[in-house]
Amino acid sequence: MLSKSQARAFFFVGTGLCALAFVGLTVDTFGKIPAQTGQAQLTEQVIRGKDLWDHNNCMGCHTLLGEGAYYAPELTKVIDRRGPVFVAAMLRDPQAMYPGQRKMQQYNFNEAEIGDLVAFLSWIGKVDTNGFPAKPPLAQGNVGPAANRPVVFQQLCTACHSLGGVGGNVGPALDGVGKKFDAAYIGKWLEDPAAVKPGTKMPKLPLTADQIHELTTFLGSQGK
Amino acid sequence: MKYQSQKIAWWFFATCMLLFTLQLVYGFIMAFAHAGMDGLHAYIPFHVARATHTNLLVMWLLAGFMGAAYYIIPEECERELMWPWLAKLQLGALVATGVTAIIGFHFNWWEGRKFLEIPRPLDFLVVIDVLAFIANIGMTIWKGRRMTTTSMVLFFGLLMAALLYLPGMIPTDNQTVDSYWRWWVVHLWVEGVWELIMGGILAFLLIKLTGVDRELIEKWLYVIVGFTFLSGILGTGHHYYYIGTPRYWLWVGGLFSALEPVAFLGMAIYAIAMAKRGGRHHSNRTALAWSIGCSVMSFVGAGFLGFAHTLPQVNMYTHGTLVTAMHGHMAFWGAYAMLVMAIIAYSLPLLTGRDLQNSAAATFAFWTSNIGMIAMTLAFAVAGITQVVLERRMGLEFLAVQSEIEVHFWGLILAATLFTVGILAYLWVFIRSGLPVGPVDADDSAPATVA
Ligand code: HEM
Ligand code: HEM
Ligand SMILES: [Fe+2]
C-alpha cells in the first residue's frame, strides 16, 4: 500500500513537472502573442481606448473575448457586426439606439473618447481568436437572401429590426414593408423619423444620401 | 479550543457573516435587472452591482480562510499565536480596504477586469495586509511545538494565494496579455492553491470530527492535492482557447482540465470514507454535515458542471454565457462558501461556549440553503442553455434572446429567496451563540479512536 512518504513524493514531483511545463508554454505563448494579436497595430489611440474600457468597467455588463458579464452583448466582433458608425452613435447616446430596452450606462463621452473606444474595438476585432465567436451553425440567415442585402442594412438596421425572422425586436419586422410604404416615404422616414412621426422611438441615424438611396431601393422592393 | 488567541477567529467569522449578507443584496439587484426590473439603474447600475457582488464574495471567503487559519494553526502547533495584536490590526485594515473599494465602485473608481476590480493603490494594501497575516501564522508554525502536514498544506496554500495575486498586477496594453495574467490569479486560485486551503481545513475538520488516524488522513491529503496540481496547473489552458493565444492550448487545456474533476471526486470519496470509518461520534453533527456537504457539492459544482463546458468544442458556444454563471455559483458555493460555513459551524461552540449546532435552526440552515442553491443552479442552467441554443447556435439577436429567458430570472429570484432564508437561519444561530469567551473546555483535542 502507498506510504505517506510516497504520497508526498508523488505530490512534489507531479507539481514540479507540471509547473515547469506551464512556465515553458507561457514563454512560448508570449513569443507568439504579438503576431497573433497584431501588437504592431496597438497605436496610442487604441491604448487610450483600452484605458477607457478599463476605467469605465465596460466588462461589468459586456463580455470581450468571451470574458466579463452576461448582461449585455459580446463585443469582440461588434465593429464587424454593426460598423463604426453605429458603435459611435451607441456610445454617444445608448438610450436613443435601443429605446425602451435594457439600459446601458450613459457615459457622456466626448468625440475624441468615442474615437478611442471605436479604435480599441476595431483592434480587438482583428485579434485571431481561433474562431471565436463561431458562426451560428443553425442560423437561417447563413444561406439565401441575407447575402445580397446592403451592408448598411445588416449593420445598422438589424440591431432593431428583423427581416426574414432574423434581427432585433426593438422596432417592427420589416418583411413586406415595400407594400406598406413607397420609397419616397421610407426615404423621408430615414432622414429624420421624428419629423415624420413626432415622439417616435426610432432614432435619427447618421446616414449619407447614398446610403438612404440604397436602403429605400432595397426596402421598397420588400414584399414585391 | 485551548489557546486564548484562537478567539480572534470569531471576529473574522463575524466579518464573513456581515459581508456575505451584503453580497446577497447585490445578487438580488442583478437578478431583478435581468428579469427586467432595473429601477436602481440610476444609482446602482448593473456593473456596480456585479463588481460589488463578486468582490464581497472574494473578500468574505478570504476573511473566512484567515479566521480558519487563526483558529487551526495554534491548535495544530500547540502554542499561542505569535502576534495577536497584529491579527486584529490586520483584520481592521482588511475591512477598511474592502469597504473603501466597494464605495469606490459606486463612484466609477475601479479597474474593469472581472474579479480584480479593486483599484491599483488598494491592491498594494491588500498585498501588505496578506503578508502580515502570512508572517503571523508562519512565525507561529515556526516557533510551534509540532509541524503537522495539515498546518503546512494550509500555510502553503495561503502563501501561494498571496504570491499569485501579483501576476494580476502586471501592467500591459494588450487585452490578450491582460487576460492571460488575470487567469493566473482567478484560475490558479480556485482550481489550484485554494484547493490546498480546502484540503488543509477539511483534513483538520475530519481529524477532529471523525477521530480517524491523522497519518491516514494526511497521506490521502497529499494524494488529492497532488491530483489537483497535476490537472489544475496545465488546466489553466481551458481559459486560453479563444483569447488570442496559440491553438495548442485547445488540446493542452482540454486534456488537463478534463482531469480536474478527479481531484474533486477524490475529495468527496475521502471525506465520506473517513466519516464512515471514524468510530467516534462527535457531538457536532452539523459541522460534519457541512464538511461532507462541501466535498460533495464541490464535486457537483466544480467537477461535474465544470467538465460540462470545459472541452473546447463545447466551450466555443458556451464561453461567456449564463452557463458560466451557473457553474460559478455552484462551484464557489460547494467548494469555498460551504468550507467556511463548516469551520464556523465547528468552531463556534468552542469559541463562545454555547452549543446551538444541534438546534433545529442549524439543521434547517444547512438543508434550506443547499436546496436553494441547487434550485438557483437549475434556473441559471435553463437560462444559460436556452441562451446558447438561441443566440450562439441559431444566431438570434442578444437582446431578443434575453427577453426570451427573462422568465427564468423570476425562477432564480424564487430560488435565491429560499437560499437566503437558509442563510438567515445560519446567521441567527451565529448571533444567538454570542461573543467569544476564553478557552472553552471541550473534549476535542485528540482522536479517541485509531483506525
Ligand atoms: C472550486 C473550483 C471552481 C470554481 C470556484 C470555479 C469558478 C469559476 C468561475 C467564477 C468562472 C468564471 C470566471 C471568469 O469568467 O472570470 C469559471 C469559469 C470556468 N470554469 Fe470553473 N470553477 C471551478 C472549477 C472548475 C473545474 C474543475 C473546471 C473543469 C473541469 C472548470 C471549468 C471552467 C471553465 C471551462 C470556465 C470558462 C467558462 C467560459 O468560457 O466562459 N471550473 N469557473
Ligand atoms: C441571493 C442569491 C444570489 C443571487 C440572486 C445571485 C445572482 C447573480 C447574478 C444575477 C449574477 C450575474 C450574472 C451576469 O453577469 O449576468 C451573479 C454573479 C456571480 N455570483 Fe451570484 N447570486 C447570488 C448568490 C451568490 C452566492 C452565494 C455566490 C457564491 C457562493 C455567488 C457567486 C457569484 C459569482 C462567482 C458570480 C460571477 C459569475 C461569473 O462571472 O460567471 N452568488 N450572481
Ligand atoms: Fe478554470
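The values are calculated or read from the model by the stated rules, or taken from the named source; none is laboratory data. Since we're looking at a predicted model, the values are computed, not measured. Note that we place each Cβ from the backbone using ideal geometry, even for glycine, and neighbour counts take in every protein chain shown. Ligands, DNA and RNA are stripped out before the accessible areas are found, and what is left, the full protein with its side chains, is counted by its heavy atoms. Shrake-Rupley method; radii C 1.70, N 1.55, O 1.52, S 1.80 Å.
Work out, in µm²/s and without decimals, the Stokes-Einstein translational diffusion coefficient of segment B:233-284 at 25 °C, 0.890 mPa s, Rh from Kirkwood over C-alpha pairs.
In µm²/s, the coefficient is 184.
Show me, bin by bin at 10 Å from 0, the whole-percent P(r) of chain A based on Cα pairs.
7, 25, 28, 20, 9, 6, 4, 2, 1
For A:Lys126, go through the aspartates and glutamates and keep the ones whose alpha-carbon is under 13 Å away, minus same-chain ones fewer than eight residues off.
List returned: A:Asp80.
Report in % the part of the accessible area of the protein assembly as shown that belongs to carbon and sulfur, leaving out ligands and nucleic acids; probe 1.4 Å.
68
In peptide B:178-185, what is the residue-averaged number of other protein chain Cβ atoms found within 10 Å of each Cβ?
Per residue, the average neighbour count from other chains is 2.
Considering every pair of different Cα atoms, what Kirkwood radius, in Å, is found for segment B:254-368?
15.5
Per residue, how much accessible surface does the protein assembly as shown expose to a 1.4 Å probe? Answer in Å², no decimals.
39
Across 5 Å bins from 0, what is the distribution of all Cα-Cα pair distances for segment B:1-118, in whole percents?
For segment B:1-118, the pair-distance distribution reads 2, 12, 19, 18, 15, 11, 9, 7, 4, 2, 1, 0.
Hey, any idea what the orientation-averaged projected area of the convex hull of chain B's Cα atoms comes to, in nm²?
Result: a mean projected hull area of 20.1 nm².
What ³J(HN,Hα) values, in whole Hz, does the Karplus curve 6.51 cos²θ - 1.76 cosθ + 1.60 give for segment B:156-163 when θ = phi - 60°, with x put for Gly and Pro?
Karplus values, whole Hz, x for Gly and Pro: 5, x, 5, 4, 5, 4, 5, 5.
Under the definition of partner shielding as Cβ atoms of other protein chains within 10 Å of a residue Cβ, what is the mean value for peptide A:179-186?
Whole-number average of other-chain Cβ neighbours for A:179-186 is 0.
Show which aspartates and glutamates lie in cross-link reach of B:Lys7 when reach means a straight Cα distance below 13 angstrom and same-chain residues fewer than eight apart are skipped.
Counting by Cα, and skipping residues close in sequence, B:Lys7 has these aspartates and glutamates nearby: B:Glu75, B:Glu80.
Which peptide among A:105-113, B:314-322 comes first, and what is the full order, when sorted by highest mean count of other Cβ atoms within 10 Å?
B:314-322, A:105-113
Taking each pair of different alpha-carbon atoms in segment B:367-426 once, compute 1/r for the pair, average those values, and report the inverse of that mean as the Kirkwood hydrodynamic radius in Å to one decimal.
In segment B:367-426 this quantity evaluates to 12.1 Å.
Once you keep just the Cα pairs under 8 angstrom separated by 6 or more residues, what percentage relative contact order results for segment B:285-451?
Here the relative contact order equals 29 percent.
Hey, which of these cross-link pairs are over 28 Å Cα-Cα: B:Lys2/B:Lys219; A:Lys135/A:Lys201; A:Lys77/A:Lys180; A:Lys180/A:Lys201; A:Lys50/A:Lys135; B:Lys88/B:Lys219?
Table pairs above 28 Å Cα-Cα are A:Lys135/A:Lys201; A:Lys77/A:Lys180; B:Lys88/B:Lys219.
With all protein chains present and a 1.4 Å probe, how do B:Cys77, A:Cys58 order by accessible area, largest first?
Largest accessible area first, the residues go A:Cys58, B:Cys77.
Please list, ordered by chain and number, the residues whose modelled amide H lies under 5 Å from the amide H of A:Thr63; skip anything fewer than 5 residues away on the same chain.
Excluding prolines and chain starts, which carry no amide H, the hits are A:Ala69, A:Ala72, A:Glu74, A:Leu75.
Can you tell me the alpha carbon radius of gyration of segment B:127-202 divided by the globular rule-of-thumb value 2.2 N^0.38 Å?
Expressed relative to 2.2 N^0.38 Å, the Cα Rg reads 1.28.
Rg/Rh for segment A:39-125 to two decimals, with Rh computed the Kirkwood way over all alpha-carbon pairs.
0.93
So how compact is segment A:111-224: Cα radius of gyration and Dmax in angstrom?
Computed over the Cα atoms of segment A:111-224, radius of gyration and Dmax are 16.3, 47 Å.
Enter the mean number of other protein chain beta carbons within 10 Å of the beta carbon of each residue in B:111-119, as an integer.
Mean shielding by partner chains, rounded to a whole number: 4.
Probe radius 1.4 Å, ligands and nucleic acids left out: can you give me the accessible area buried at the B-A interface, summed over both chains, in Å² to the nearest hundred?
6700
With the contact rule set at Cα under 8 Å and sequence spacing of 6 or more, what percent relative contact order holds for chain A?
Across chain A, relative contact order equals 17 percent.
Can you give the Kirkwood hydrodynamic radius of the protein assembly as shown from its Cα pairs, in Å with one decimal?
Final number for the Kirkwood radius of the protein assembly as shown is 26.8 Å.
Report, in degrees rounded to the nearest 10, the 0 to 90 angle that the Cα long axis of helix B:322-331 makes with the longest principal axis of chain B.
That helix lies at roughly 0 degrees to the long axis.
Given a cut-off of under 8 Å on Cα pairs at least six residues apart, what relative contact order in percent is computed for segment A:39-125?
Answer for segment A:39-125 is 37 percent.
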